[in-house]
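What follows draws every value from the coordinates through simple rules; no lab data is involved. Please read all numbers here as calculations on a predicted model, not as lab measurements. Every residue, glycine among them, receives a Cβ derived from its backbone with ideal geometry; neighbour counts consider all protein chains shown.
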Amino acid sequence: MSPRLVTMRKGARYETGARMMSRGAGGGRAGGGGVPEWMRRPGAGAQGPPGGGPPGWGPAPAPRRGGGRHRVWGTVCVLLGSLLLLGAVAGLAGIPEQVRQERAFLAAEPCQGHAAGHEACLRTLPGTVSATERRSSRSGATYRVSLEGAAGWSSVVRLGAEPLGERLRPGDAVTISLWEGEITALDRDGVTQRLSGTPDFGPQIYAVVVMEATVCGGWFLFIGLIAVRRAGLMAARGVRAALPPLLLLIPVTVLLPLLPALLARNGDGAGPVVATLAAWAALEALALWLLRGRLRLPPA
């Protein structure tokens, strides 16, 4: 093929293209400002020109829409997680005061006399059970016990079933122990039951609350931020497609604080509390490292 023929053919192509564009630009039957008729049809980008278009043509991906509902509950989770973390910080700041009260309670000596006062000493009073009421729950039975003492003194306490709660009856004589005006224990015929609100339980209870609030608050914050940032993906593919597989990781981290708390429940002072928090932090870090693969986000 001669170079002249090639040139002529190329020129014919260019001329044909120019004529096609000029016909479109002329406004006539096609209209559209120089755009060929096949490009103005609906769906032309997906079909291409007649006879086949350039490779790679196809419909543009539809933008992700919706997700407002997921943003709402994600925002709620973020707020709830933030509140729990703030509560954990407040609880951590209150542990020293609980340790101080525990030491004062354990070092308290018996008071002189039998009047119900608010001294920082252990006072015992004779009393009588005036009424009992059993209440059942998923965690077990509890007993609401009404007490009466001398000079019209009365109070109501809540006891577990063992060792005294389920055995007390109206009219039973008991010995009531008080510290700073609060009932700390009941005794009947040599059997003593301490109340759960006594100061020597305070530091450990605070430590458990701090640990659980930190774990739950962290998870609420983590899941809420993912929901807010991936709301469109959740709306398109579902919640499970946007979240990491947390079915195993969340229960493990929530239950871990109970292990060091149970091991140190009989300790006194700040030492056991610090050991509990340190052991919990180490266990949580180990669990997150071993199950780190479950924290990876699925591809968008």
Checklist line | Rounded FRET efficiency, nearest 0.05, which uses the C-beta distance separating THR192 from VAL76 and R0 of 41 Å | finding: 0.35
Checklist line | For ARG169, net neighbour charge (Lys/Arg +1, Asp/Glu -1) across residues whose Cβ lies under 15 Å away | finding: -1
Margin query: Along the Cα→Cβ direction, 7 angstrom out, place labels at LEU247 and GLU162. What is the inter-label distance in nm?
Written below: 3.6 nm
Check: With each pseudo-label sitting 7 Å past Cα toward Cβ, what's the ALA275-SER146 distance in nm, one decimal?
Finding: 4.5 nm
Margin query: Can you give the FRET efficiency to the nearest 0.05 for GLN112 and LEU83, using r as the Cβ-Cβ distance and R₀ = 41 Å?
Written below: 0.30
Notebook entry, point to check: Given 0.36 nm per residue, what is the gain on full extension from LEU259 to SER155 after removing their alpha carbon distance, in nm?
Noted result: 33.9 nm
Next item on the list: Please label the shape of the range 112-257 as rounded, prolate or oblate, based on the square roots a ≥ b ≥ c of the eigenvalues of the alpha-carbon gyration tensor (a/c under 1.5 means rounded; beyond that, a/b larger than b/c means prolate, else oblate).
Entry: prolate
Next item on the list: Kindly identify the range 173-300 as rounded, prolate or oblate by the Cα gyration tensor criterion: order the square roots of the eigenvalues as a ≥ b ≥ c, call it rounded if a/c is under 1.5, otherwise compare a/b with b/c, prolate if a/b is larger, else oblate.
Entry: prolate
Next item on the list: Indicate the gyration tensor shape class of the range 177-242 (rounded, prolate or oblate), computed on the Cα atoms with a ≥ b ≥ c the square roots of the eigenvalues: a/c under 1.5 is rounded; otherwise a/b larger than b/c is prolate and the rest oblate.
Entry: prolate
Next item on the list: Pop the C-beta distance of ARG294 and ALA236 into the FRET formula with R0 = 25 Å and round what comes out to the nearest 0.05.
Entry: 0.65
